[in-house]
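Participant: Here you go, one structure.
The values are calculated or read from the model by the stated rules, or taken from the named source; none is laboratory data. The structure displayed is predicted, hence computed values, not measured ones. Using ideal geometry, Cβ is built from the backbone for each residue, glycine included, and neighbour counts are taken over all protein chains shown.
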Amino acid sequence: MSTDEEIIAEMNKLREKITSEKFARHFKNWTKTMQYHFTDTDEYWYIKLVNGQPEEPVKGKVEKPEIGYQMTTADYFALMRDEIKGLKLYNQGRLKIKAAMPDIIKLQKLG
């Protein structure tokens, strides 16, 4: 079982990646909310991006996020640590994503 601190640490790595020199240009005008539902703990977390700048991760649920993920915390950690690819998790039914196709394509740039 994961702790809030572990989830925050992994989400902060994602925030750093989005604002890194390699990826920042892809997200510079992006204003979206990414909602995560961790099925093993039944917890919700989200990160808001405003003009490509990700805010602090927040524990809680938002109404109508533009991007919704559903997976276990173990799968999220494996994904963030590049131990498994998102497409593989998706194809195995271990990751569900609800988002517009252009958003999904943009997120795939992150790896």
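Participant: May I ask you to say which residue of G52, G60, G68 is of a type in the set (G, A, S) and farther than 26 Å from L87 by Cβ?
Facilitator: Of the residues listed, the single one that is of a type in the set (G, A, S) and farther than 26 Å from L87 by Cβ is G60.
Participant: Restricted to region 64-84, and to residues that are touching a helix residue (DSSP H, G or I) at 6+ places or on another chain (Cβ under 7 Å) and closer than 13 Å to Q35 by Cα, which residue is surrounded by the fewest Cβ atoms within 10 Å (Cβ to Cβ)?
Facilitator: Taking the candidates together, the pick is E66.
Participant: Take K61 and tell me if it is assigned to a loop (DSSP other than H, G, I, E, B), closer than 21 Å to A100 by Cα and either modelled with pLDDT of 95 or more or polar (S, T, N, Q) (or both).
Facilitator: yes
Participant: Considering each residue of region 23-54, count those that are touching a residue at least 40 places away in the same chain (Cβ under 8 Å) and part of a loop (DSSP other than H, G, I, E, B), and give that number.
Facilitator: Here the count works out to 3.
Participant: Could I ask something else about it? Which of the following residues is in contact with a strand residue (DSSP E or B) (Cβ under 7 Å, 6 or more places away or on another chain), part of a helix (DSSP H, G or I) and of a type in the set (D, E): D75, D103?
Facilitator: Of D75, D103, the one residue that is in contact with a strand residue (DSSP E or B) (Cβ under 7 Å, 6 or more places away or on another chain), part of a helix (DSSP H, G or I) and of a type in the set (D, E) is D103.
Participant: Of the numbered conditions (1) in a loop (DSSP other than H, G, I, E, B); (2) more than 14 Å from T39 (Cβ to Cβ), L87 satisfies every one except a single condition; which is it?
Facilitator: The failed condition is (1).
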